[in-house]
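Visitor: The following block contains the structure, expressed as structure tokens.
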Amino acid sequence: MDKNILLQTKIGDLFVTHPYTKDFFTDHLIPYIGKENKTIEDFFKYLDLEIIEDKAINIELFINSLVEYIELMSTYFVSEKETKNTVTIYPGLHKNGTPENFDFIEITKGEIISIVGPTGSGKSRLLADIEWAANGDTPTKRKILINGRTLEPHERFSASNKLVAQLSQNMNFVMDLSVYDFLDLHASSRMVEDKEDMIKKIFDKANHLAGEQFSKDTPITELSGGQSRALMIADTAILSKSPIILIDEIENAGIDRKKALELLVSEDKIVLMSTHDPILALMGDKRIVIKNGGIDKIIITTKEERNILGKLEELDKTMMSMRNKLRHGEKIIFEEEL
Amino acid sequence: MDLITVSGPPSSGKTSILLRTIENFIKRNIKVGVVKFDCLFTDDDILFAKLGIPVKKGLSGSLCPDHYFVSNIEEVVEWGLKEKVDILITESAGLCNRCSPYIKEIKAVCVIDNLSGINTPKKIGPMLKSADIVVITKGDIVSQAEREVFTMKVQSVNPKATIMHVNGLNGQGAFELSTFIHNDQVHVETLEGRTLRYPMPAALCSYCLGETRIGKAHQMGNVRKIDLSDKNG
Ligand SMILES: Nc1nc2c(ncn2[C@@H]2O[C@H](COP(=O)(O)OP(=O)(O)OP(=O)(O)O)[C@@H](O)[C@H]2O)c(=O)[nH]1
Ligand SMILES: Nc1ncnc2c1ncn2[C@@H]1O[C@H](COP(=O)(O)OP(=O)(O)OP(=O)(O)O)[C@@H](O)[C@H]1O
Ligand SMILES: [Mg+2]
Ligand SMILES: [Mg+2]
Ligand SMILES: [Zn+2]
Ligand SMILES: [Zn+2]
């Protein structure tokens with residue numbers, strides 16, 4: 001919106017045409033209440049000096065910010081000009097400067113890629129290269145293309161269109177809200193139209209993933225580890241705008257990890273996970289092996305490995321049931337279990 | 001010499017992200033100096049000194065740290081020039097929600113953390129509102145949704161800023177930040193006559209009375225001076 005047009009707009013009219021501007025006025029401590037029939041220019045012209053001082057209002061900065069904010073928000077509403085379908089990694093250098101030995105790696109929507117390698121080998125650096133769509137300007141000199149093209153600087157560093165959403169087992173909810181209010185807040189901030197449907201869908205999916213059910217009134221900070229993780233994954237899958245999900249381990253308790261990955265894939269996400277857990281690693285379609293800062297190998301999960309995965313999952317179930325027996329004060333008889 | 005002013009609420013992660021960022025500058029053979037401004041106490045100088053870079057600290061005592069900052073920044077710039085650093089970074093504890101240490105045309109960075117609550121962005125005022133870059137920390141311990149909501153709140157208070165998520169513990173994003181905050185085309189020789197981005201309220205010194213120009217010629221009243229002798233730091 002043009003600044004001069006904005007200045008001549010009545011505050012109340014602006015709130016009608018651009019409803020989110022009301023919060024903007026409130027957040028900037030602008031005392032507009034009762035003055036909605038004034039134009040923005042007149043409102044500030046007659047605003048009491050004492051109020052300006054008291055609320056630390058900088059009129060020029062406020063108006064410029066308001067113009068920027070309206071511009072920014074309008075980019076939210078033009079629904080995704082371009083859906084992100086592929087990520088392509090072009091080789092860079094190992095830590096010692098030797099080039100990585102592959103032509104390119106293309107990852108498409110709905111694929112799950114595991115990233116494995118020793119501590120300090122450069123797994124996080126690869127994930128960061130993808131997160132910021134590196135353009136030969138990071139320590140690895142890799143290039144990351146999205147839909148076959150390098151991103152413009154404003155796309156790479158846009159906070160509202162972040163490429164990557166992250167999930168890790170260190171993450172906890174910190175807000176003092178119930179499950180419903182939390183989902184409502186997130187959906188509102190994303191300005192989705194069918195808010196109630198979204199909330200219901202996330203809530204149902206989260207309960208589908210969680211070992212133990214929870215209600216909409218539960219405070220999010222009181223959810224168990226597994227329930228929190230289930231809610232985070234369902235919410236990220238359905239409500240986050242980011243096309244790529246980076247996962248840093250998912251603990252093996254209170255959540256169905258297979259279903260969790262299936263949910264992310266069914267929502268058309270590209271899933272990259274850094275893990276040391278063979279069950280999780282083998283759930284990937286491919287795994288990238290990192291060594292000395294570089295991509296050393298790309299291994300496609302074989303049929304045989306899938307079979308092994310089945311066995312590992314059985315072992316895992318045995319472990320779980322033993323854990324449960326212990327918990328309930330029963331004795332464990334080893335031969336019988338295996 | 002490039003000058004970067006960093007501010008943000010206590011314990012938001014300013015030192016952590018600066019340490020990770022400065023490591024990246026050191027790798028590129030860029031010489032950095034740091035001056036920490038705080039109110040009563042700080043150990044940050046010791047942390048910066050471990051990187052082997054020149055560092056000073058200044059404690060404002062009973063004064064608002066930002067008032068103290070602006071009363072001293074000209075001398076701090078002279079110190080940075082004397083030390084021949086390529087980048088001089090100031091870290092200020094954002095203890096006063098009414099003031100900010102930002103100077104027009106000097107890169108201003110605000111560091112704020114995801115744990116501080118969704119109302120913090122609107123509470124901390126000028127320090128956030130007039131920053132060029134907002135760094136959000138501690139994203140590693142909150143959920144994706146909370147990060148997204150918090151980012152929106154920051155954006156609604158300062159829509160012009162470049163917002164970056166940086167992890168102060170493992171340094172994720174610090175490399176990217178290092179490419180953003182430094183401009184090797186900026187050469188600050190003096191701040192004499194430059195102005196603050198935001199006037200500072202409440203009367204204590206010339207800046208309290210609405211002065212925005214920097215330099216001794218414009219200072220009067222209760223001005224405390226930072227100790228830049230070799231004994232300090
Ligand atoms: N989990 C996590 N902790 C962080 C992060 N950044 C900083 N911290 C921790 O937060 C605490 C405060 O960090 P500092 O870097 O000292 O914060 P500061 O803003 O410099 O603090 P003052 O200078 O005292 O105002 C430290 O214990 C850091 O380890 C982060 O991204 N994630
Ligand atoms: N190709 C490279 N060239 C130069 N530096 C690199 C390269 N790859 C990684 N590094 C650097 O090596 C360090 C360790 O890498 P990183 O943190 O990504 O390891 P990691 O595999 O995630 O380790 P962990 O398992 O402990 O999390 C980082 O400082 C990173 O920037
Ligand atoms: Mg890592
Ligand atoms: Mg500090
Ligand atoms: Zn102050
Ligand atoms: Zn003062």
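The values are calculated or read from the model by the stated rules, or taken from the named source; none is laboratory data. Since this is a predicted model, take the numbers as computed values, not measurements. All Cβ positions, even for glycine, are placed from backbone atoms using ideal geometry, and neighbour counts span all protein chains on display. Ligands, DNA and RNA are stripped out before the accessible areas are found, and what is left, the full protein with its side chains, is counted by its heavy atoms. Shrake-Rupley method; radii C 1.70, N 1.55, O 1.52, S 1.80 Å.
Visitor: Can you find a residue in segment A:72-92 that is under 20 Å from A:Ser274 (Cβ atoms) and within 16 Å of ligand 1 (Cβ to nearest atom)?
Guide: no
The rows are residues; the columns are (1) assigned by TED's automatic domain parsing to the domain that holds A:Ile247; (2) surrounded by fewer than 18 Cβ atoms within 10 Å (Cβ to Cβ).
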residue	(1), (2)
A:Met273	yes, no
A:Pro278	yes, yes
A:Met283	yes, no
A:Asp316	no, yes
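Visitor: I need every pair where a residue in segment B:85-96 that is more than 17 Å from B:Lys129 (Cα to Cα) and away from ligand 3 (no atom under 16 Å from the Cβ) has its Cβ under 7 Å from the Cβ of a residue that is open to solvent by less than 10 Å² (accessible area, probe 1.4 Å) and part of a loop (DSSP other than H, G, I, E, B), sequence separation at least 6 or different chains.
Guide: B:Thr90/B:Pro101
Visitor: With the structure loaded, tell me whether B:Ser71 is more than 14 Å from chain A (Cβ to nearest Cβ), open to solvent by less than 10 Å² (accessible area, probe 1.4 Å), within 21 Å of B:Glu211 (Cα to Cα) and within 16 Å of ligand 4 (Cβ to nearest atom) or whether it fails that test.
Guide: Here the answer is no, as B:Ser71 does not meet what is asked.
Visitor: For the structure I just gave you, tell me whether A:Gly117 is within 14 Å of chain B (Cβ to nearest Cβ) and in contact with a strand residue (DSSP E or B) (Cβ under 7 Å, 6 or more places away or on another chain).
Guide: It is false that A:Gly117 is within 14 Å of chain B (Cβ to nearest Cβ) and in contact with a strand residue (DSSP E or B) (Cβ under 7 Å, 6 or more places away or on another chain).
Visitor: A follow-up question, please. Please go through segment A:51-95 and pick out each residue that is among the small types (Gly, Ala, Ser) and either at pLDDT below 80 or within 23 Å of the chain's Cα centre (by Cα) (or both).
Guide: Within segment A:51-95, A:Ser74, A:Ser79 qualify.
Visitor: Under 6 Å between Cβ atoms, at least 6 apart or on separate chains: pull out the pairs that start in segment B:18-36 with a residue that is closer than 22 Å to B:Glu78 by Cα and end on any residue that is within 13 Å of ligand 1 (Cβ to nearest atom) and not in a strand (DSSP E or B).
Guide: Hits for this filter: B:Val32/B:Ile22; B:Val34/B:Phe48; B:Lys36/B:Thr42; B:Lys36/B:Asp44; B:Lys36/B:Asp45.
Visitor: Do we find that B:Ser62 is within 16 Å of ligand 6 (Cβ to nearest atom), among the small types (Gly, Ala, Ser) and out of contact with any strand residue (DSSP E or B) (no Cβ under 9 Å at 6 or more places or on another chain) in this structure?
Guide: yes
Visitor: If A:Glu305 passes every condition in (1) closer than 30 Å to A:Thr98 by Cβ; (2) modelled with pLDDT of 95 or more; (3) of a type in the set (D, E, K, R) but one, which one does it miss?
Guide: (2)
Visitor: With the requirement that a residue be more than 8 Å from chain A (Cβ to nearest Cβ), under 15 Å from the mean Cα position of the chain (by Cα) and surrounded by fewer than 23 Cβ atoms within 10 Å (Cβ to Cβ), what does segment B:118-162 give you?
Guide: Scanning segment B:118-162 gives B:Asp132, B:Ile133.
Visitor: Specify the residue that is nearest to the other protein chains (Cβ to nearest Cβ); the eligible residues are those in segment B:25-55 that are assigned to a helix (DSSP H, G or I) and within 16 Å of ligand 2 (Cβ to nearest atom).
Guide: For segment B:25-55, the residue satisfying everything is B:Lys27.
Visitor: Quick one: which residue in B:Thr162, B:Thr137 is touching a strand residue (DSSP E or B) at 6+ places or on another chain (Cβ under 8 Å), hydroxyl-bearing (Ser, Thr, Tyr), under 20 Å from B:Ile17 (Cα atoms) and free of Cβ contacts under 8 Å to residues at least 60 places away in the same chain?
Guide: When all the criteria are applied, what remains is B:Thr162.
Table: residues versus (1) more than 12 Å from every other protein chain (Cβ to nearest Cβ); (2) more than 18 Å from A:Ser240 (Cβ to Cβ); (3) of a type in the set (S, T, N, Q).
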position	(1), (2), (3)
A:Ile144	yes, yes, no
A:Ala187	no, no, no
A:Ile202	no, no, no
A:Leu209	yes, no, no
A:Lys216	yes, yes, no
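Visitor: Please note which strands (runs of 3 or more DSSP E) are completely contained in segment A:51-143 and include at least 3 residues that are surrounded by 17 or more Cβ atoms within 10 Å (Cβ to Cβ).
Guide: The strands (runs of 3 or more DSSP E) meeting that bar are A:86-90, A:112-116.
Visitor: Identify the residue in segment A:21-40 that is within 14 Å of chain B (Cβ to nearest Cβ) and not in a loop (DSSP other than H, G, I, E, B) and, among all such residues, is surrounded by the fewest Cβ atoms within 10 Å (Cβ to Cβ).
Guide: A:Thr26
Visitor: Here's something else I'd like to know. If you take just the strands (runs of 3 or more DSSP E) that sit entirely in segment B:82-139, which of them hold at least 3 residues that are within 16 Å of ligand 4 (Cβ to nearest atom) and in contact with a Phe, Trp or Tyr (Cβ under 8 Å, 6 or more places away or on another chain)?
Guide: Strands (runs of 3 or more DSSP E) meeting the threshold: B:87-93.
Visitor: Quick one: which of A:Ile250, A:Ile238 is farther than 28 Å from A:Leu312 by Cβ and either in contact (Cβ under 8 Å) with a residue 60 or more places away in the chain or within 14 Å of another protein chain (Cβ to nearest Cβ) (or both)?
Guide: Just a single option satisfies the conditions, and that option is A:Ile238.
Visitor: Pick from segment A:144-156 the residues that are open to solvent by 30 Å² or more (accessible area, probe 1.4 Å) and not in a strand (DSSP E or B): which of them is nearest to A:Gly97 (Cα to Cα)?
Guide: A:Thr150
Visitor: Continuing with the same structure: Please go through segment B:174-192 and pick out each residue that is within 7 Å of chain A (Cβ to nearest Cβ) and of a type outside the set (Phe, Trp, Tyr).
Guide: Within segment B:174-192, B:Glu176, B:Thr179 meet the criteria.
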